[in-house]
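Enquirer: Handing you this structure, nothing more for now.
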Amino acid sequence: MQVAVVPSRGGAGLLRALTEAGEPDGPVQAAPDLAAAVAEREARHRPRWVWAATAEAYPALYAAGARVDRCHDLALTEALLLGCAGRWGEPRGLAAAWARQRGLPVPPDPPARARDAQPALFEPAQPGPADDAERLAAVVGVYAGQLTRAAATATPGPLRLLVAAESASALAAVEMTAAGVPWRADRHDELLAAKLGPRPPAGLPPARLRELADRISTAFGGRRVNPDSPADLLRAFEAAGVSLPSTRFAVLREVEHPAAPLLVEYKELSRLHAANGWAWLATWVAGGRFRPEYVPGGVVSGRWASRGGGALQIPHAVRGAVVADPGWVLVVADAAQLEPRVLAALAGDRGLAAAAGTGDLYTALAGSTFGGDRGRAKIALLSAMYGGVRGEAGALVAALRVRFPQAVGYVEDAARAGEQGAVVRSRLGRTCPPPSERWLALLGGPAGAEAGGEADADAGPRRGGGVAGQAARDRGRFTRNFVVQASAADWALVLLAALRRRLAALDSEPAPELVFFQHDEVVVHCPEAAAGAVVDAVTGAAAEASDLVFPGTDVRFPLTPTVVTCYADAK
């Protein structure tokens, strides 16, 4: 069963049942209390709810107690279908999708609004359906059109799975924001004070940063140097007889000068103060919870992004503040070496699959190919996936190619396609952006293949010198990595959808809460008594994701949960 939904002001809304083909299956129903109507139908039928965007429709319903199991997010699906058609970047909202379907001028999407923002008085009306009835008609029409378009793609079955997983992940994102990451503000303050010194007055840098700034100047012979100014630092090093290309961490760590280690420490602490210092704590943590706004599909590869708070980059320095409530624990699990394992499954490389089944993948590669040197094995595999060919990396990739020709050939084919202007796809059909008009102009002609097509193997890569050659190589590195990273994102989204469903089915009161998701890691906050069941749910979800995304593969995707009371103890 499927039901189209349009929320109205004041908690009301409109509903309409749909057939499996997306056609109306009954009259429009007005619901004075939309959350109650949704909850009642969810309990009786567990339908798939169809709405313009989960981020707009679901938060109020969930806050009112109407948790749903399944949905179809029109905006997220429109973005996937536009990508399949080589039309990346076009508006994907309801008004745009409805206009596009009817052959009318496509309006731009309205600007994103913070989740707590209220519409301004006399705010200009956005283009699109004028009232709730027209909006419902648009939802129904766009949904039916999307089903037809998805069925006509090159990989309709996998794409249906991707649409379902992406939509389920949007539900999880809303629920995660509502639950919040358990966060001890007092612990956070203690961690900052231990590294930066006591909290300074507003507008002043912490004591430790001031001390390091003085020591850096002393290391340069007493000359006053601004450690936040790359130009000032480069001049100071030049005056000391050290010529540097930049003041990046990797460069400074190789410099033999007394100021270099002080600068590395200063940069690390300055980043902590700016990104997760006292101002961040006051802004983002309230009531013992950190509640960021997640953005599913916010990155071209399918990875999530976040809006404010840097939720997807919680540094180790402050993880000690993530503490479970009394009587509760955190179940933390991340997929070990996910992207190399995904490559083995994508390529069907039995040799690499066998190495991926022995535990630590890099150790297994080291023993068979790199004389036991795990570090060189890791460099080789990461260079193959990310396009590293300079220096030692090129020789290591060549050795890897001899041992695992299918795996290396898979990413090299993707790179060649990118260099020729073709697009590549993830395992479930997410399509990379096509080359830009500027890229095409540099390379002197149309792309080597239409969106979704195969590159001409006889044409050879579009390489050469100068700007054009560099542009071709850059795009090749992008497509080389896209096929792996986007396929890893496919797996992670299916994992998240499966885990969300399994957690909801547990017989636990209070219910476990999925509170964090980052690329290949999940964190569940649950009563201590439910920890064992949650561990089983996590491992079961990982196995389900592997079976759905890579059916029949010999590759193992280990996801080992750890039960802790503090996030910092999980790593």
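The values are calculated or read from the model by the stated rules, or taken from the named source; none is laboratory data. None of these values were measured; they are calculated from a predicted model. Don't worry about glycine lacking a Cβ; one is built from the backbone with ideal geometry, like all the others, and counts go over all protein chains shown. Just the protein is used for accessible areas: all its heavy atoms, side chains included, with ligands, DNA and RNA removed. Shrake-Rupley method; radii C 1.70, N 1.55, O 1.52, S 1.80 Å.
Enquirer: Mind checking which residues of the range 539-571 are open to solvent by 70 Å² or more (accessible area, probe 1.4 Å) and assigned to a strand (DSSP E or B)?
Expert: The one that is open to solvent by 70 Å² or more (accessible area, probe 1.4 Å) and assigned to a strand (DSSP E or B): 563.
Enquirer: Something else: Taking residue 292 and the conditions (1) in contact with a strand residue (DSSP E or B) (Cβ under 6 Å, 6 or more places away or on another chain); (2) free of Cβ contacts under 8 Å to residues at least 60 places away in the same chain, which numbered condition does it fall short on, given that it satisfies the others?
Expert: The single condition residue 292 does not satisfy is (2).
Enquirer: Can I ask one more? Can you give me the number of residues within the range 59-87 that are open to solvent by less than 20 Å² (accessible area, probe 1.4 Å) and touching a Lys or Arg at 6+ places or on another chain (Cβ under 9 Å)?
Expert: 13
Enquirer: Okay, moving on. Working only within the range 1-47, note down all residues that are among the aliphatic types (A, V, I, L, M) and under 17 Å from residue 146 (Cβ atoms).
Expert: Listed by number, the residues that qualify are 3, 4, 5, 6, 18, 21.
Enquirer: Give all pairs with beta carbons closer than 9 Å in which a residue from the range 484-496 that is at positive phi and part of a helix (DSSP H, G or I) meets a residue that is surrounded by 24 or more Cβ atoms within 10 Å (Cβ to Cβ) and among the aliphatic types (A, V, I, L, M); count only pairs at least 6 apart in sequence or on separate chains.
Expert: Short answer, once both residue conditions are applied: none.
Enquirer: Name the residue that is farthest from residue 414 (Cα to Cα), counting only residues in the range 330-369 that are in a strand (DSSP E or B) and open to solvent by less than 10 Å² (accessible area, probe 1.4 Å). Steps first, please.
Expert: Looking only at the range 330-369, we keep the residues that are in a strand (DSSP E or B), and these are 330-335.
Adding the requirement that they be open to solvent by less than 10 Å² (accessible area, probe 1.4 Å) leaves 330-333, 335.
Working: 330: 39, 331: 37, 332: 34, 333: 30, 335: 24 Å.
Top of the filtered list is 330.
Enquirer: Look at residue 248 and say whether it is of a type in the set (D, E, K, R) and open to solvent by 60 Å² or more (accessible area, probe 1.4 Å). Spell out how you get there, then give the answer.
Expert: On the way: of a type in the set (D, E, K, R): yes; open to solvent by 60 Å² or more (accessible area, probe 1.4 Å): yes.
Yes; evaluated as a whole, the condition is true for this residue.
Residue-wise test of (1) among the basic types (Lys, Arg); (2) farther than 30 Å from residue 212 by Cα; (3) modelled with pLDDT of 95 or more.
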site	(1), (2), (3)
275	no, no, no
287	no, yes, yes
290	no, yes, yes
335	no, yes, no
340	no, yes, no
348	no, yes, no
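Enquirer: Right, residue 536: open to solvent by 10 Å² or more (accessible area, probe 1.4 Å), farther than 20 Å from residue 297 by Cβ and not in a helix (DSSP H, G or I) or not? Give the steps one after another, and end with the answer.
Expert: Details: open to solvent by 10 Å² or more (accessible area, probe 1.4 Å): yes; farther than 20 Å from residue 297 by Cβ: yes; not in a helix (DSSP H, G or I): no.
Considered against the rule, which asks whether it is open to solvent by 10 Å² or more (accessible area, probe 1.4 Å), farther than 20 Å from residue 297 by Cβ and not in a helix (DSSP H, G or I), residue 536 comes out as no.
Enquirer: What are the residue pairs meeting all of these: first residue in the range 1-25, first residue more than 14 Å from residue 136 (Cα to Cα), second residue assigned to a helix (DSSP H, G or I), Cβ atoms under 7 Å, and 6 or more apart or on different chains?
Expert: Within 7 Å, the pairs are 1/45; 11/34; 11/35; 21/144; 21/147.
Enquirer: Check residue 520 against each of (1) modelled with pLDDT under 95; (2) surrounded by 24 or more Cβ atoms within 10 Å (Cβ to Cβ); (3) under 19 Å from residue 345 (Cβ atoms) and name the one condition it does not meet.
Expert: Here residue 520 meets the rest and fails (2).
Enquirer: How about the range 188-228: which of its residues are open to solvent by 90 Å² or more (accessible area, probe 1.4 Å), over 30 Å from residue 289 (Cβ atoms) and either among the hydrophobic types (A, V, I, L, M, F, W, C) or assigned to a helix (DSSP H, G or I) (or both)?
Expert: 210, 215, 218
Enquirer: Still on this structure, I have one more. Just to be sure I understand, how many residues within the range 130-169 are open to solvent by 20 Å² or more (accessible area, probe 1.4 Å) and without any contact (Cβ under 8 Å) to a residue 60 or more places away in the chain?
Expert: Qualifying residue count for the region: 10.
Enquirer: Let me ask something additional. Considering only residues of the range 251-263 that are surrounded by fewer than 18 Cβ atoms within 10 Å (Cβ to Cβ) and assigned to a helix (DSSP H, G or I), which is farthest from the chain's Cα centre (by Cα)?
Expert: Restricting to residues being surrounded by fewer than 18 Cβ atoms within 10 Å (Cβ to Cβ) and assigned to a helix (DSSP H, G or I), the top hit is 261.
Enquirer: State which residue is nearest to the chain's Cα centre (by Cα) when the search covers only the range 282-311 and only residues that are part of a strand (DSSP E or B) and surrounded by 20 or more Cβ atoms within 10 Å (Cβ to Cβ).
Expert: Checking each candidate, the answer is 294.
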